[in-house]
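J.: Got a structure here, written out as structure tokens. Questions coming.
Please treat every number below as a calculation from the coordinates, not as lab data. Predicted, not measured: the structure shown is a model, and the values here were computed from it. Heads up, the Cβs are rebuilt from the backbone with ideal geometry, glycines too, and the neighbour counts pull from every protein chain shown.
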Amino acid sequence: MDITAIVLAYFLTILFVKKRCKLGLYLMLGAYLVLYSLLVYFGRKPYPEPRLHLDLFWSYRIAFDGFKIKHLSYAREILLNILVYIPLGLILAAIFRDSRHPILWPILTGLGLSVFTETVQYITRRGITELDDVMDNGVGLLIGIGTFVLTEKLIGKKRN
């Protein structure tokens, strides 16, 4: 996941919200899901056996020693798991912004996708199924949702 993709998702989301273009938001969601699938499901070779880590924070204990990075590859994976869900948080927050529960639905939808992904990874043996990934994805999701909500408040204040 590239920072450019996150910035592009942010500006496109804001543009489609301003233009009241729900179709644009749904097309962005579709494009995100296609790219996400290519990255997560098809971008990896399967392991001989399913791999499962249900110990919460196991990757953090390996990656960090206090505030020092101990293993860069694990720290990088944690960061990527967070970054990949920021655009999803933005897009889902925009799609559900007029719903009865504009924060709850994006969270449930995003976490549902994360759990689904981990389940598919376990079944297909493509990747390691772990709680840390769901947590990291949730952090990215919340960053995306929070960014959208703050932007809406700032834009709303400028209009008034």
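J.: Starting with the fewest neighbours, write out Thr119, Thr147 ranked by other beta-carbon atoms found within 10 Å of each beta-carbon.
T.: Thr119, Thr147
J.: Compute the FRET efficiency between Ser99 and Tyr41 as 1/(1 + (r/R0)^6), taking r as their Cβ-Cβ distance and R0 = 25 Å, and round to the nearest 0.05.
T.: With R0 = 25 Å, the Cβ-Cβ based efficiency is 0.30.
J.: Membrane-span-like helices in the chain: DSSP H runs reaching 18 Å or more (Cα, own axis), mean Kyte hydropathy at least 1.6?
T.: Within the chain the helices that satisfy the rule are 3-18, 22-40.
J.: Go ahead and estimate [θ] at 222 nm for the chain from helices alone: -39,500 (n - 2.57) per DSSP H run with n ≥ 4, summed, over the residue count, rounded to 500. Write down the numbers at each step before the final one.
T.: On the way: 7 runs with 113 residues, N = 160.
After summing the helix terms and dividing by the residues of the chain, the value is -23500 deg cm²/dmol.
J.: Separate question: Might you report the magnitude of the Cβ-based charge dipole of region 66-118 about its Cα centre, with Lys and Arg at +1 and Asp and Glu at -1, to the nearest 20 debye?
T.: My answer is approximately 200 debye.
J.: Ranked highest first by the average count of other Cβ atoms within 10 Å around their residues, in what order do 57-63, 130-136 fall?
T.: 130-136, 57-63
J.: A follow-up question, please. Only sites in a loop by DSSP and with at most 11 other Cβ atoms within 10 Å count here; which trypsin sites (Lys or Arg not before Pro) in region 86-125 make the cut?
T.: Passing both the DSSP loop test and the Cβ count: Arg100.
J.: Let me ask something else. Using +1 on the beta carbon of Lys and Arg, -1 on that of Asp and Glu, and nothing else charged, what's the dipole of the chain about the Cα centre, debye to 20?
T.: 780
J.: Let me ask you something else. If you add up the charges near Tyr47, with Lys and Arg at +1 and Asp and Glu at -1, over every other residue whose beta carbon is less than 10 angstrom from its beta carbon, what do you get? It would help to have the intermediate numbers written out before the result.
T.: On the way: positive: Arg44, Lys45, Arg51, Arg125, Arg126; negative: Glu49.
That sum, taken over residues with Cβ under 10 Å, equals +4.
J.: Then there is this: Working out 0.36 nm times the residue gap between Phe11 and Leu52, then minus their Cα-Cα distance, what length gain in nm do you get to one decimal? Each step should come with its number before you reach the end.
T.: Working: separation 41, 0.36 × 41 = 14.76 nm, distance 3.68 nm.
Going from the current span to full extension adds 11.1 nm.
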